[in-house]
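Below is one structure, written out as structure tokens; comments come after it.
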Amino acid sequence: MTSLEEYLAYIFSYKYLIYSVLFSAFLGVQIFSKVPHILITSMLSSSTTLHGIILIGGITVVGNSTKEEDVLFMILGFLAILMGTINIVGGLLLTDRLLVRYKKKKSTKN
């Protein structure tokens with residue numbers, strides 16, 4: 001069984017990653033909470049924004065996981081990158097579909 005000191009040492013060794021994730025989440029909330037609701041499309045929805053932050057965090061985690069003991073972090077980072085990318089691409093495809101629907105149709109008058 002591991003002691004509290006070992007847990008704290010483990011957390012302390014990754015403190016910069018924890019700080020960057022917390023700062024990214026705070027910054028994302030502050031930026032997108034200032035956008036008026038009428039301008040928010042599916043591309044700017046909170047889910048897509050959150051997955052953008054998760055994507056950046058996943059890339060950071062996978063990039064810093066160089067030890068053999070970091071296999072769990074590499075797997076979780078890969079899953080974060082995969083799911084974040086799927087959500088972002090899906091949001092962009094949905095936005096494109098909505099924009100095509102509301103595009104003005106050309107007049108066919110002779």
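Here is a check on your reading of the model: is residue 99 modelled with pLDDT under 85 and over 21 Å from residue 55 (Cβ atoms)?
Criteria met by residue 99.
Does any residue of the stretch 57-64 turn out to be exposed (fewer than 14 other Cβ atoms within 10 Å of the Cβ), at pLDDT below 85, among the small types (Gly, Ala, Ser) and in a helix (DSSP H, G or I)?
No; the residues of the stretch 57-64 include none that is exposed (fewer than 14 other Cβ atoms within 10 Å of the Cβ), at pLDDT below 85, among the small types (Gly, Ala, Ser) and in a helix (DSSP H, G or I).
Restricting attention to the stretch 13-31, which residues are surrounded by 10 or more Cβ atoms within 10 Å (Cβ to Cβ) and closer than 16 Å to residue 73 by Cβ?
Matches in the stretch 13-31: 14, 16, 17, 18, 20, 21.
The values are calculated or read from the model by the stated rules, or taken from the named source; none is laboratory data. The structure presented is a predicted model; accordingly, all values stated were derived computationally and were not measured. For neighbour counting, all protein chains shown are included, and Cβ atoms are generated from backbone atoms with ideal geometry for every residue, glycine included.
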